[in-house]
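Trainee: Below is a structure I'd like to ask you about.
The values are calculated or read from the model by the stated rules, or taken from the named source; none is laboratory data. Fair warning: this is a prediction, and the values are worked out from it, not measured in the lab. Because the Cβ atoms are built from the backbone with ideal geometry, glycine has one as well, and the counts that use them run over all protein chains shown.
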Amino acid sequence: MERAQELKIPNFHAKNIKENGKQVVDVRVGGEGGRIDNFLKFVNENWPEFAEVENISVAEKEYEEDIMTLEDFSGLLSALQLSKIVQAGLGMVEMQKLTIEMQKQALGKHDQTLDKQDSMLDKQDSMLDKQDQTLTVIKSGVNEMRESREENKTLLLDFHQDTIKRFDNLDAKYGKIAENMERILEELKEERKEYRESIERLVNAIIESRKEK
């Protein structure tokens, strides 16, 4: 596509299609004959690196539909790449949201468990007032339960602190998401460059085949 821009070819379109179960690159160009010939010459002289080309064909004909302008095709290609970036970013954000929600649910369950334990201990205290004969034994049991409650509170406090640390880690991961987005953008730019080079080399191959005929 860059070569087409250099030659100021007004109409250009390229896409990957399948014909008879095989991968095919369909390239359509339109413009003045001299510019088209120069473009085809470039395609013939620049084969795609590592490409396995089984067959090349060149057809000059009037298409039933107009070939989009080179500017429109460039905009379409940029939009497709931007869509890939957005989808990748949204996927990572949704995963982070799901992780946070699961941690919130786990924290809520621990709070409910502690509330139930406190309620049970309150009932035990009420029963102690009614059971004077076993007061010593019951108080001993209550003290043990209270110690257990303190241990549970300590465990819950540790859980809260651990959760806070995890949230801090999530904040750091969100920073990495931005870095990953930049890396994905660079990869897509490289992919676009390789795609352009592949198209140009394939078109060159088509021109070379045409000359050989």
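Trainee: Given the options T163, T136, name the one that is of a type in the set (S, T, Y), in a helix (DSSP H, G or I), exposed (fewer than 14 other Cβ atoms within 10 Å of the Cβ) and assigned by TED's automatic domain parsing to the domain that holds T99. Please lay out each step first, then the result.
Mentor: Working: T163 fails: exposed (fewer than 14 other Cβ atoms within 10 Å of the Cβ).
Among T163, T136, only T136 is of a type in the set (S, T, Y), in a helix (DSSP H, G or I), exposed (fewer than 14 other Cβ atoms within 10 Å of the Cβ) and assigned by TED's automatic domain parsing to the domain that holds T99.
Trainee: Only one of L114, L121, L77 is under 35 Å from the mean Cα position of the chain (by Cα) and either surrounded by 10 or more Cβ atoms within 10 Å (Cβ to Cβ) or not charged (D, E, K, R) (or both). Can you tell me which? Don't jump to the end; show me each part of the working.
Mentor: Numbers: L114 fails: under 35 Å from the mean Cα position of the chain (by Cα); L121 fails: under 35 Å from the mean Cα position of the chain (by Cα).
None of the other options fit; the residue is L77.
Trainee: Follow-up. Restricting to the stretch 168-202, and then to whatever is surrounded by 13 or more Cβ atoms within 10 Å (Cβ to Cβ) and at pLDDT below 80, can you tell me which residue is nearest to K109 (Cα to Cα)?
Mentor: Residue satisfying both the conditions and the ranking: L170.
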